[in-house]
Amino acid sequence: MKNVLIIGATGQIGTELTMKLRNEYPNGQIVAGYIPGAEPKGILAESGPSEVVDITNPQQIADAVDKYKVDTIYNLAALLSATAEAKPQLAYKIGLGGLYNTLEVAREKNCAVFTPSSIGSFGKDTPKDNTPQDTIQRPDTIYGVTKVAGELLSDYYARRFGVDTRSVRFPGLISYVAPPGGGTTDYAVDIYYHAVKGETFKCPIAAGTFMDMMYMPDALRACIEIMEADPSRLVHRNSFNIAAMSFDPEIIYKKIQEHVPGFKMEYEFDPLRQAIADSWPNSLDDSCARNEWDWKPEFDLEAMTVDMLKNLRAKLDIK
Ligand code: AKB
């Protein structure tokens, strides 16, 4: 990996991944691809090249790949699960149409491709606890449909055309730099903002709803380690279960209260997000990722909470 195009570079993952890649590959061109209206700002804009790359426009992808001699594409463009339900046609166009455009450019120009899948690729019929790597994937959401189809399409391009496609199934990602938008797991980010601001948090997800979650530094390492993994060890490609922690709203609430004693949470149920969460696994088995490319998370709930609270207080200038 030397010259990299990140499509969706100003989103929750892209903002931090672009900066990490620029730090770790100082001799490469790390190109922040963005859509008009979501321009890179500050250090993201100043620290390297950026280009308008709308994933629904294959020519823009091809032009950026040619201009910077890109060898690896991180395809981070997607509508998250709840937003995707409100705009299913657009979710399909970006999630699957965009992936097709990316894979075609990669096939023609010999690029490796990373496209995240998600715990959203599973559905009600999937075993809920310790969900295996290879299991039933019959999601009810358009987000999940694009993720499962994307896994299959990416494996097809690897098998049929030799495109080096690799991927992980992300849990809910918790971070303080750029906000997520429109996901089912976003509550686990929002709760920290409310805690540091001294506000009561209204939780949209019911007590007892367990989902896998991960702190962003672990997710960023996964993005890079999977693309750097020795291909001869990979039995799977698209997509690996990865896991770090699993909790329900009560567990994260109590953990934050240990550090912010007066913090209060109430429930304000969101039927759409609850239905989506109910169809997703409680916890994933990530042993294939551990065996095939030595995946190992570093942050548990306690370590993440300490770091999130510290960084959010600094970001929001709250003592
Ligand atoms: C979402 O909630 O939609 C995402 C995901 C788990 O893929 N965070």
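The values are calculated or read from the model by the stated rules, or taken from the named source; none is laboratory data. Remember, predicted model here, so these are calculated numbers, not experimental data. Positions of Cβ are generated from backbone atoms using ideal geometry, with glycine treated the same way; all protein chains shown enter the neighbour counts. Ligands, DNA and RNA are excluded from the accessible area calculation, which covers all protein heavy atoms including side chains. Shrake-Rupley method; radii C 1.70, N 1.55, O 1.52, S 1.80 Å.
So here's what we get for this one:
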{"quantity": "Area of D278 that stays accessible when all protein chains are in place (1.4 Å probe, Å², to 10)", "calculated": "80 Å²"}
{"quantity": "Residue (of S279, A229, A303) at the positive-pole extreme of the stretch 211-310, dipole from beta-carbon charges", "calculated": "A229"}
{"quantity": "In Å², nearest 10: area of L234 left accessible to a 1.4 Å probe", "calculated": "20 Å²"}
{"quantity": "Computed lengthening from V177 to V260, 0.36 nm per intervening residue step minus Cα-Cα distance", "calculated": "27.8 nm"}
{"quantity": "Residue-level accessible surface for K264, protein heavy atoms, 1.4 Å, Å²", "calculated": "120 Å²"}
{"quantity": "Highest to lowest packing among 84-97, 134-147, scored as the average C-beta count within 10 Å", "calculated": "134-147, 84-97"}
{"quantity": "Karplus-derived 3J(HN,Hα), 6.51/-1.76/1.60, for each residue of the stretch 99-116, Hz, glycine and proline x", "calculated": "5, 4, 4, 5, 5, 5, 4, 4, 5, 6, 10, 6, 10, 7, 9, 10, 9, x"}
{"quantity": "Estimated FRET transfer efficiency when R0 is 35 angstrom, pair D300-E108 (beta carbons, to 0.05)", "calculated": "0.20"}
{"quantity": "Distant-in-sequence amide H partners of F201 (H built 1.01 Å from N, under 5 Å)", "calculated": "K264, M265, E266"}
{"quantity": "³J(HN,Hα) computed for each position of the stretch 118-130 - Karplus, 6.51 cos²θ - 1.76 cosθ + 1.60, integer Hz, glycine/proline x", "calculated": "7, 4, x, 7, 9, x, 4, 7, 6, x, 7, 9, 6"}
{"quantity": "Whole-percent carbon and sulfur share, accessible surface of the chain, 1.4 Å", "calculated": "51 percent"}
{"quantity": "Separation in nanometres of the label points that stand 7 Å from Cα toward Cβ, at K197 and I251", "calculated": "2.7 nm"}
{"quantity": "Amide H partners (placed H, <5 Å) of F170, local residues excluded", "calculated": "S117, S118, I119"}
{"quantity": "Loop GluC sites (Glu not before Pro), the stretch 192-276 (other Cβ atoms within 10 Å of the site Cβ: 12 or fewer; DSSP)", "calculated": "E199, E268"}
{"quantity": "Cβ charges +1 (Lys, Arg) and -1 (Asp, Glu), total dipole of the chain, debye", "calculated": "400 debye"}
{"quantity": "Probe 1.4 Å, all protein chains present, accessible-area order of R160, R22, largest first", "calculated": "R160, R22"}
{"quantity": "Potential lengthening between E24 and A38 on full extension [0.36 nm per residue; Cα-Cα distance subtracted]", "calculated": "2.6 nm"}
{"quantity": "Whether the stretch 192-319 is rounded, prolate or oblate, judged on the alpha carbon gyration tensor where a/c under 1.5 counts as rounded", "calculated": "oblate"}
{"quantity": "Beta bridges per DSSP with both ends in the chain, % antiparallel, nearest 5", "calculated": "10 percent"}
{"quantity": "Mean accessible surface per residue for the stretch 255-319, computed with a 1.4 Å probe while every protein chain stays in place, in Å²", "calculated": "55 Å²"}
{"quantity": "From phi via Karplus (6.51, -1.76, 1.60), per-residue ³J(HN,Hα) for the stretch 274-280 in Hz, x at Gly/Pro", "calculated": "5, 5, 5, 4, 5, 8, 9"}
{"quantity": "Full-stretch length increase - R138, E268 - with 0.36 nm per residue and alpha-carbon distance subtracted", "calculated": "44.0 nm"}
{"quantity": "Whole-Å semi-axes of the chain's equivalent ellipsoid (Cα gyration tensor)", "calculated": "30, 23, 18"}
{"quantity": "Label-point separation, R160 to K310 (7 Å along Cα→Cβ), nm", "calculated": "4.9 nm"}
